[in-house]
Amino acid sequence: MVTDIPGTRGGIGNATALALARQGASIAVHYSSASEKAIALVEQLQAHEGVRAAVFQADLSEYDNVRRMHTEIVEQLGHPDILFNNAGSTGKVIGKMGNIQDVSIEDFEKTWRLNTGSSYLLTQLCLPHMVEQKYGRIVFCSSVAAGTGGVIGPHYASSKSALHGLLHWVASRHAKDGIVCRDFSSFLKAHPELSQDV
């Protein structure tokens, strides 16, 4: 069982990787810039008997990097059976009462490329193998902001909201193929790295 977890630098991705390794899954650990944390996580994962783990670096806001990372994962670990779409960034934080004028269309697009586009593309890349083997699990890490607007800004909230439409389409289209899709909606947590890429 191979699991691809984009965004394993911090809390949710890290904990998910460790939990799946305890179940015997091999893990593709992704990072954008925090290589030390990713390498340390791989060492922890490899301590579990039979678990293979490898580190993959990519800025997932660039779609060629998404494709490259997927190819490298398949070459080193095999096709992912589980995809946990966890990569993302808050982008610029303007708050619940902020001014939409403070989020440029460029900021909006960058947030969407990472939070939504990379999840879409990874899902697209992983599905053919899952369909062929009649088994696959896809989890989208969303946010309560998807339904409430949240406290970060419209660019972030809308990027997470879009994941729900994607999830429902994939789930209904591929249920017959043994593909199960789920959403994990996290809430805002006080953390020094909150506004950085995770």
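The values are calculated or read from the model by the stated rules, or taken from the named source; none is laboratory data. As the structure is a computational prediction, the values presented were derived from the model and not from experiment. FYI the Cβ positions are ideal-geometry reconstructions off the backbone, even for glycines, and counts take in every protein chain you see.
Kindly provide the set of residues from the range 23-49 that are crowded, with 18+ Cβ neighbours inside 10 Å and among the polar types (S, T, N, Q), ordered by number.
Ser26, Ser32
State which residue is nearest to Leu18 (Cα to Cα) when the search covers only the range 28-41 and only residues that are under 17 Å from the mean Cα position of the chain (by Cα) and hydrophobic (A, V, I, L, M, F, W, C).
Among residues in the range 28-41 that are under 17 Å from the mean Cα position of the chain (by Cα) and hydrophobic (A, V, I, L, M, F, W, C), the one nearest to Leu18 (Cα to Cα) is Leu41.
Please verify whether Leu83 is in contact with an Asp or Glu (Cβ under 6 Å, 6 or more places away or on another chain) and either basic (Lys, Arg) or touching a residue at least 60 places away in the same chain (Cβ under 8 Å) (or both), treating the condition exactly as stated. Before you say what the answer is, go through the steps one by one.
Numbers: in contact with an Asp or Glu (Cβ under 6 Å, 6 or more places away or on another chain): yes; either basic (Lys, Arg) or touching a residue at least 60 places away in the same chain (Cβ under 8 Å) (or both): yes.
So Leu83 fits the description; yes.
Which of the residues belonging to the range 1-39 are of a type in the set (A, V, I, L, M) and modelled with pLDDT under 80?
Those that are of a type in the set (A, V, I, L, M) and modelled with pLDDT under 80: Met1, Ile5, Ala34.
Hydrophobic (A, V, I, L, M, F, W, C), within 28 Å of Glu109 (Cα to Cα) and in contact (Cβ under 8 Å) with a residue 12 or more places away in the chain - does that describe any residue in the range 45-55? Show your work before the answer.
Going residue by residue through the range 45-55, those that are hydrophobic (A, V, I, L, M, F, W, C) are 45, 47, 51, 53-55.
Then keep just the ones that are within 28 Å of Glu109 (Cα to Cα); that gives 55.
Next cut, in contact (Cβ under 8 Å) with a residue 12 or more places away in the chain only: 55.
Yes, the range 45-55 has at least one match.
List the strands (runs of 3 or more DSSP E) that sit entirely inside the range 1-104 and contain at least 3 residues that are under 21 Å from Phe184 (Cβ atoms). So that I can check it myself, show each step before the final result.
Numbers: elements: 2-5, 26-31, 53-57, 82-85.
Passing ranges, in order: 2-5, 26-31, 82-85.
Would you be able to tell me the number of residues in the range 138-157 that are surrounded by fewer than 18 Cβ atoms within 10 Å (Cβ to Cβ) and hydroxyl-bearing (Ser, Thr, Tyr)?
Result for the range 138-157: 1.
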